[in-house]
Amino acid sequence: MISKSEKAAELFGKGYNCAQAVFCSFCDSYDLDVVMAEKIACGLGSGVRNADVCGAVSGAVLVIGLKYGHDKKVCNAKTEEFTAKFKERNQYIVCRNILGCDIATLEGREVAIKANLFKTVCLDMVVSAVDILDKLGY
């Protein structure tokens with residue numbers, strides 16, 4: 001059996017966006033239909049298509065909601081815990097800061113493509129998000 005991090009990397013490699021790869025790697029754990037999960041997370045990739053909060057972070061927050069969404073106070077605290085750990089490991093949670101370019105612009109996307117950032121840095125963020133969630137018990 002492969003780890004959730006490996007599953008997320010595999011999904012990302014198959015064309016799932018960063019948020020989808022993270023969120024869908026937890027479908028089995030929460031008895032969530034993968035097709036539904038793909039739809040839920042679809043618009044969150046590339047920092048909600050605006051290079052804002054990293055899609056891997058957004059996908060992770062969806063997982064946190066699956067576990068704790070029935071209790072807003074706990075869910076908020078667990079989200080803050082996750083984002084703090086993600087920042088500790090990766091310095092930022094905002095896509096444009098992580099990549100060092102603004103992929104919401106044509107110029108920024110070209111920089112990211114030429115530097116292969118989507119296949120390297122973004123993949124690392126997906127694996128990092130899932131690894132952190134795993135270590136936190138999701």
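The values are calculated or read from the model by the stated rules, or taken from the named source; none is laboratory data. What you see is a predicted model, and the numbers here were worked out from it, not measured in a lab. Please note: Cβ atoms are built from the backbone with ideal geometry, for glycine as well, and neighbour counts cover all protein chains shown. SASA here: full protein model, heavy atoms, side chains in, ligands and nucleic acids out. Shrake-Rupley method; radii C 1.70, N 1.55, O 1.52, S 1.80 Å.
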Check: How about the range 1-49: which of its residues are in contact (Cβ under 8 Å) with a residue 40 or more places away in the chain and of a type in the set (S, T, N, Q)?
Finding: S3, S5, S25, S29, S46
Item checked: Filter pass, K67 being among the basic types (K, R) and surrounded by fewer than 16 Cβ atoms within 10 Å (Cβ to Cβ) -> no
Notebook entry, point to check: Which one is nearest to the chain's Cα centre (by Cα) among residues in the range 81-102 that are over 16 Å from S128 (Cα atoms) and of a type in the set (D, E, K, R)?
Noted result: R96
Item checked: Subset of the range 12-30 that is over 12 Å from C122 (Cα atoms) and under 12 Å from the mean Cα position of the chain (by Cα) - its residue that is surrounded by the most Cβ atoms within 10 Å (Cβ to Cβ) -> F23
Next item on the list: Within the range 87-138, count every residue that is part of a loop (DSSP other than H, G, I, E, B), within 15 Å of S58 (Cβ to Cβ), open to solvent by less than 60 Å² (accessible area, probe 1.4 Å) and out of contact with any Lys or Arg (no Cβ under 9 Å at 6 or more places or on another chain).
Entry: 0
Check: D71: under 16 Å from K7 (Cα atoms), more than 10 Å from the chain's Cα centre (by Cα) and charged (D, E, K, R), yes or no?
Finding: no
